[in-house]
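Chemist: Have a look at the structure that comes next, please.
The values are calculated or read from the model by the stated rules, or taken from the named source; none is laboratory data. Computed from a prediction, not measured in an experiment: that's the story for all the values here. Glycine also receives a Cβ, built like all others from the backbone with ideal geometry; neighbour counts cover every protein chain displayed.
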Amino acid sequence: MKILISLNIKRKILFFFTIATLIISGSLCAYINFVVKPNDIENTKFTIAQTVESKSTEVGLWINKKAVEYRIISAIPAFTSMDIREITPLIDRFTSLYVRNGETMETFSYIGKNGFCWINSEATENLMDYNDYKTAYDSDREFIIGKPVVNKNNREVMLFYYPVLGYENQKEALICSAVPTVGLKQIIDSSQIYNGKTWVMNSNHNLLTTNEEYFYNNYLSKRDIENIKLESLSSSGEIELINTNGEVCTLFYSPVNQYDDWVVCTLVNNAELSAAADNMLAGIILLLIFLLIITLFIGVFLTRSVMEPIDNLRKCMKEVEHGNLSSYYDTTLAKDEIYELGLTYNKMLDHISKLIEQIYKEQSEKRSAELTALQAQIKPHFLYNTLDNIKWMAKDQGAEDVAKIITSLSTFFRTSLSNGQEFITLKEEIKHTKSYLDIQAIKYREKVRYNIYLDENIKNILIAKIILQPLVENSINHGIRPKDSIGTISISCSLYSNNLNKYIKITVEDNGVGMSESELANLRNNLEELNNSKSFGMINTLRRLRSFYGEDVIFEVESKENVGTKINILLPYMEDKNV
């Protein structure tokens, strides 16, 4: 699994393509081998068994045809009377009749019980010592068919013995014909069954339709044939054997119903039984090899088409990693998912560039502010002591207003500096703002008045310092100073909550000259963009609040011309800012 994880995408695609092909083809091969093949073998065996039975039926019909003929002939009075003078003309007539009709019969003869055979008017041979002759008289069968022999014309024939019944249905004589085996062999060899060997065998294990020596050398040994228990073969069936080549074979057999001494047999190599399934399996394996080759070609093409845009995007990212922020992805290529990633990547580059520019600008402003703050903090204790000396000197001279201004100024500076701390309590922030208002009230000769409300429950909440003073200064300079009459500034600090969050609500309101709708819209736009080219104090205050509290700060400005201006600030209420 670790090796697979470490592979690149191209190799993973090729790997999974190959595995998928192998799984599908392997499953198909397994299905054919374990399901289709056994079924196919069973169907093939069934087909062969049916064919062997059909052959057995044909052989039976061939035998029955002969039996019917001899049954009719045996009932002729001349034969039943056993008068040789009447029988011999009939023998000549039947022989010539079969020859004229093209029947496959070599000779027709009559054999007396004394063993003499008449092929014509003369007895030619005493057959008393022939086994077939004896069997024909002794057997309970209707007729007897002998083992094939080669006659003087060098033709293989079978002797067909049919009895002539006399008094009390006793066998008194035999009608015998030499029937060539060619007709029987034509039935057996008329069609080849799955490249197997078909033959007829009698109860003495004699092979009647094939050369025994050739058969024993190429199919089954004589011992294997003799081991077959023919007396138990009462119906069709099959036996598994090993042929002379050491191959597993199946012997299909079917007894001949019209002559129970014969059995039709077919020997088929087991490899032939599964040949169709094996050929199908071999075809699938070849197809698998072909599919694997095609898969590799398709996989290479697919991975190249997929990986090329990914590689391009990766190269662009490498360029960015080395500091080249102008390495944009070419979006004129294919409009696929990688194209969408490329668009997102390009937007990200634009955003990063803007952020870098913004950070650079903010850092520059921060350095300037830090320098200003540093200059303002030079020797603060010296400044406090000097202001205290001036205050007492003013008191000695009876200048109470001057002493009051100096006291307020000293308080203002102490809060502004506050030992370098960024957060002070809301109560200290109000005190700092009040000091500033006291100075402005004296400066403008009672033209500026103020009132302050602070909720006791939040007076110890820590907030960013110097939030109110810039807003109050803005109200005096832009709202009250241009006014002809006395102006009032109202400051309110309270706890505000909605269904979701709690806030510290700070309101600075004046009844100054206010703003027109266009001026208010312009101010709101500057606040939205934090453009401090104008309204520096208000925008700088909003920027500081967002640096401390994030985007959760709510800063709203309401104004109406000749009525006044109202500023609402909502700061997130945080329990850990309470001291």
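Chemist: Look at segment 203-215 and say how many of its residues are closer than 18 Å to GLU247 by Cβ and surrounded by 17 or more Cβ atoms within 10 Å (Cβ to Cβ).
Modeler: 1
Chemist: Of everything in segment 31-60, what is under 14 Å from SER235 (Cα atoms), in contact (Cβ under 8 Å) with a residue 40 or more places away in the chain and of a type in the set (Gly, Ala, Ser)? Give them in sequence order.
Modeler: ALA49, SER56
Chemist: Follow-up. State all residues of segment 425-438 that are at pLDDT 85 or above, polar (S, T, N, Q) and in a helix (DSSP H, G or I); if no residue qualifies, say none.
Modeler: If the condition is that a residue be at pLDDT 85 or above, polar (S, T, N, Q) and in a helix (DSSP H, G or I), then THR433 is the only one that fits.
Chemist: Is there a residue in segment 294-307 that is of a type outside the set (A, V, I, L, M) and closer than 30 Å to VAL35 by Cα?
Modeler: yes
Chemist: Now for a separate question. Take the residues in segment 51-63 that are surrounded by 16 or more Cβ atoms within 10 Å (Cβ to Cβ) and over 60 Å from the mean Cα position of the chain (by Cα), then tell me which one is farthest from TYR194 (Cα to Cα).
Modeler: In this case the residue turns out to be ILE63.
Chemist: If a residue has to be in contact (Cβ under 8 Å) with a residue 12 or more places away in the chain, closer than 15 Å to ASP311 by Cα and assigned to a helix (DSSP H, G or I) to count, how many in segment 325-365 make the cut?
Modeler: Counting residues in segment 325-365 that are in contact (Cβ under 8 Å) with a residue 12 or more places away in the chain, closer than 15 Å to ASP311 by Cα and assigned to a helix (DSSP H, G or I) gives 5.
Chemist: Check THR181, THR198, THR250, THR244 and return the single one that is within 55 Å of the chain's Cα centre (by Cα) and free of Cβ contacts under 8 Å to residues at least 60 places away in the same chain. Full working, then the answer.
Modeler: Values: THR181 fails: within 55 Å of the chain's Cα centre (by Cα); THR198 fails: free of Cβ contacts under 8 Å to residues at least 60 places away in the same chain; THR250 fails: free of Cβ contacts under 8 Å to residues at least 60 places away in the same chain.
The unique qualifying residue is THR244.
Chemist: Give the residue that is nearest to the chain's Cα centre (by Cα), with candidates limited to residues of segment 335-349 that are modelled with pLDDT under 75 and exposed (fewer than 12 other Cβ atoms within 10 Å of the Cβ).
Modeler: GLU337
Chemist: Ok, one more. Looking at THR541, is it in contact (Cβ under 8 Å) with a residue 40 or more places away in the chain, among the β-branched types (Val, Ile, Thr) and outside any strand (DSSP E or B)?
Modeler: Yes; evaluated as a whole, the condition is true for this residue.
Chemist: Tell me, which residue of segment 92-127 that is more than 26 Å from GLU168 (Cβ to Cβ) and β-branched (Val, Ile, Thr) is modelled with the highest pLDDT?
Modeler: ILE119
Chemist: Sort out which residues of segment 497-526 are of a type outside the set (S, T, N, Q) and either under 19 Å from LYS434 (Cβ atoms) or surrounded by 18 or more Cβ atoms within 10 Å (Cβ to Cβ) (or both), and write them in order of number.
Modeler: Within segment 497-526, TYR503, ILE504, LYS505, ILE506, VAL508, GLU509, ASP510, GLY512, VAL513, GLY514, MET515, LEU523 meet the criteria.
Chemist: Continuing with this model, one more query. When segment 15-50 is examined, which residues are found to be surrounded by 14 or more Cβ atoms within 10 Å (Cβ to Cβ), closer than 29 Å to ASP261 by Cα and not hydrophobic (A, V, I, L, M, F, W, C)?
Modeler: THR44, LYS45
Chemist: Could you count how many residues in segment 261-286 are more than 14 Å from VAL36 (Cβ to Cβ), surrounded by fewer than 20 Cβ atoms within 10 Å (Cβ to Cβ) and in contact (Cβ under 8 Å) with a residue 12 or more places away in the chain?
Modeler: 6
Chemist: Do we have any residue at all in segment 459-476 that's buried (at least 21 other Cβ atoms within 10 Å of the Cβ) and of a type in the set (Gly, Ala, Ser)?
Modeler: The answer is yes; a qualifying residue exists.
Chemist: Working only within segment 170-224, note down all residues that are of a type in the set (Lys, Arg) and modelled with pLDDT of 85 or more.
Modeler: Of the residues in segment 170-224, the ones of a type in the set (Lys, Arg) are 171, 185, 197, 222-223.
Within segment 170-224, LYS185, LYS197, LYS222, ARG223 qualify.
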